[in-house]
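Each remark here refers to the structure printed beneath this line.
Coordinate-derived values only; no laboratory data. Everything numeric here is computed off the predicted structure, so don't read it as measured data. We place every Cβ from the backbone using ideal geometry, glycine too, and count neighbours over all the protein chains shown.
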């Protein structure tokens with residue numbers, strides 16, 4: 001069985017600074033999102049239970065991906081396919097899904113495509129369903145438990161009012177929620193071993209995609225602005241004796257007129 | 001005439017979209033239609049007209065008996081193609097959110113999910129949503145002829161119902177059986193709690209050590225007449241509280257007059273949910289916790305000591 005795990009590098013959100021309402025993303029290191037890591041972990045767990053399973057990590061991004069992908073290989077992916085090409089820059093979800101789908105078709109044999117239910121940066125949740133549509137596969141989203149075997153899958157989905165248990169034949173696209181597992185950390189030995197695993201780099205041309213189909217040129221979206229909302233808080237900290245500070249807080253809240261029913 | 005097509009598997013959310021859709025329909029010079037799908041659909045059309053839809057497309061096709069994104073996307077695609085629907089407005093429930101990109105892909109359309117605002121600008125729709133994990137709000141335009149937008153529930157106000165009629169169109173859809181099967185549904189133990197309407201909110205995070213300790217939070221909530229909210233780990237990972245109480249990017253966006261965040265460090269995924277609060281208070285033992293910069297008042301201290309004292313001071 002071949003499992004393709006789609007991964008996206010995102011800026012570490014804890015390290016984004018806001019200046020004059022503008023996000024300073026450049027300084028933040030790139031990491032794989034939590035749900036992407038859960039997708040990878042789930043693939044590796046399936047591999048450990050199912051003999052003859054191969055896990056292929058698939059990611060689109062910039063040159064930093066070459067280094068970043070080592071983490072995925074160390075955690076247990078057997079090989080990686082990286083889509084690196086200036087033509088991909090500025091891709092929106094439609095272009096991304098188009099490129100990933102072409103790559104998956106080029107990989108050829110796939111039984112399960114795993115991704116996170118959303119990226120941690122934009123959490124738009126679009127790439128999984130778009131991929132499923134392009135590849136004409138069923139989509140199973142918000143998955144918190146997954147069993148795979150005998151060409152079938154059984155998944156528990158976390159919906160608003162219920163946990164929904166669904167079954168489908170493979171191949172299928174499965175988007176996981178981060179509660180599905182606790183991703184492992186790679187050991188130093190794994191990281192060293194990962195250096196020997198095969199990594200392929202494909203360009204837009206390798207995938208038969210023109211510049212109009214991906215990247216900024218192929219984007220369906222135009223971002224007009226992207227700013228932090230204006231927010232000013234008083235930031236008054238009460239310090240000292242506990243009786244005093246709690247009383248000070250109650251007094252302040254009374255003055256604000258926010259106490260009382 | 002080109003149309004705006006509204007759909008949600010939840011009628012009350014579809015009515016919010018229809019209510020606002022009237023404005024878009026006038027500004028963009030498009031008709032306003034809705035799709036009502038699945039078993040019993042034909043009996044549910046009246047209110048759609050009352051809220052302002054001109055036409056309602058109805059299908060009780062057996063493949064639509066249960067919600068499968070793949071099948072519903074195909075149904076909406078066929079309806080959109082048959083009737084020149086160019087703008088699809090869906091409610092961003094979990095189902096709506098997985099449906100939107102799938103139908104968008106069929107239409108070759110750009111799509112925005114979890115929209116928090118939509119307004120008409122120069123004959124196009126300017127759509128806002130949170131980006132960069134909630135650090136920013138992105139305003140976006142969709143450049144493709146077809147546009148698919150899934151809008152967060154309660155973004156638009158429900159309009160007034162009017163006594164009016166419209167055209168019911170029974171659509172003929174060519175659908176295959178869904179390739180996913182629902183074999184079991186385990187109902188969640190829901191709570192009748194509506195954090196979006198709470199006036200006072202006490203939110204608790206990982207600073208709380210065990211479920212039993214929730215009692216001290218409950219005491220404070222009682223003293224304040226507050227509802228209790230929580231961060232993601234408390235309801236999703238530990239399941240100490242129901243998901244109805246989740247505040248933040250993946251939960252409720254609240255606007256109380258007072259929110260007290262207790263044992264919450266202040267990661268953006270949470271703080272997005274309290275941006276609307278008039279006064280924000282934080283109690284945390286780490287004086288460097290980012291939550292203090294996002295608060296009007298703060299107490300640095302152990303919640304196990306501060307909260308009971310605060311309850312005392314309130315009495």
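Just a few scattered comments:
- With both residues required to sit in the protein assembly as shown, DSSP beta bridges show an antiparallel share near 35%.
- Segment A:2-202 shape via C-alpha gyration tensor axes, a/c threshold 1.5: rounded
- Each residue of segment B:3-170 gets 102 Å³ once the volume of the Cα convex hull is shared out per residue.
- Ratio Rg/Rh, restricted to segment B:195-314 and using Cα atoms, in which Rh is the Kirkwood radius: 0.91
- Pairs of Cα atoms nearer than 8 Å and 6+ residues apart set the relative contact order; for segment B:3-170 it is 28 percent.
- Across peptide B:63-69, the mean count of Cβ atoms from other chains lying within 10 Å of each residue's own Cβ comes to 2.
- Other protein chain C-beta atoms within 10 Å of residue C-beta, averaged over A:235-245: 6.
- Residue exposure sequence - B:235, B:230 - by fewest surrounding Cβ within 10 Å: B:235, B:230
- For segment B:96-178: rounded, prolate or oblate by the Cα gyration tensor [a/c cutoff 1.5]: oblate
- Relative packing of peptides A:224-231, A:30-37 - highest average C-beta neighbours within 10 Å first: A:30-37, A:224-231
- Label-reachable residues, segment B:206-230, where backbone N falls under 15 Å from a point 7 Å from residue B:197's Cα toward its Cβ: B:227
- Restricted to Cα atoms, segment B:80-121 shows a radius of gyration and a Dmax of 10.7, 29 angstrom.
- Out of every Cα-Cα pair that segment A:1-81 contains, those further apart than 22 angstrom amount to 32 percent.
- Based on C-alpha pairs under 8 angstrom that are at least 6 apart in sequence, chain A has a relative contact order of 23 percent.
- Sorting B:174, A:190 by the number of Cβ atoms found within 10 Å of their own Cβ, with the fewest placed first, yields B:174, A:190.
- For segment B:1-58 and segment B:113-162, distance of Cα centres in Å: 17
- Percent RCO, i.e. relative contact order, over segment B:195-314, from Cα pairs under 8 Å lying at least 6 residues apart: 26
- Taken residue by residue and averaged, Cβ atoms of other chains lying within 10 Å of the Cβ of B:296-309 number 5.
- Summarising the strand pairing of segment A:2-202, around 40 percent of its internal DSSP beta bridges are antiparallel.
- For the protein assembly as shown, fraction of C-alpha pairs farther apart than 33 Å, in %: 46
- Beta bridge orientation in chain B: antiparallel %, DSSP, nearest 5: 20
- Radius of gyration (Cα atoms) of chain B, expressed as a multiple of 2.2 N^0.38 Å: 1.14.
- In segment A:93-170, the inverse of the mean reciprocal separation of distinct Cα atoms equals 13.4 Å; this is its Kirkwood hydrodynamic radius.
- In terms of surrounding Cβ atoms within a 10 Å radius of their Cβ, A:3, A:104 rank from fewest to most as A:104, A:3.
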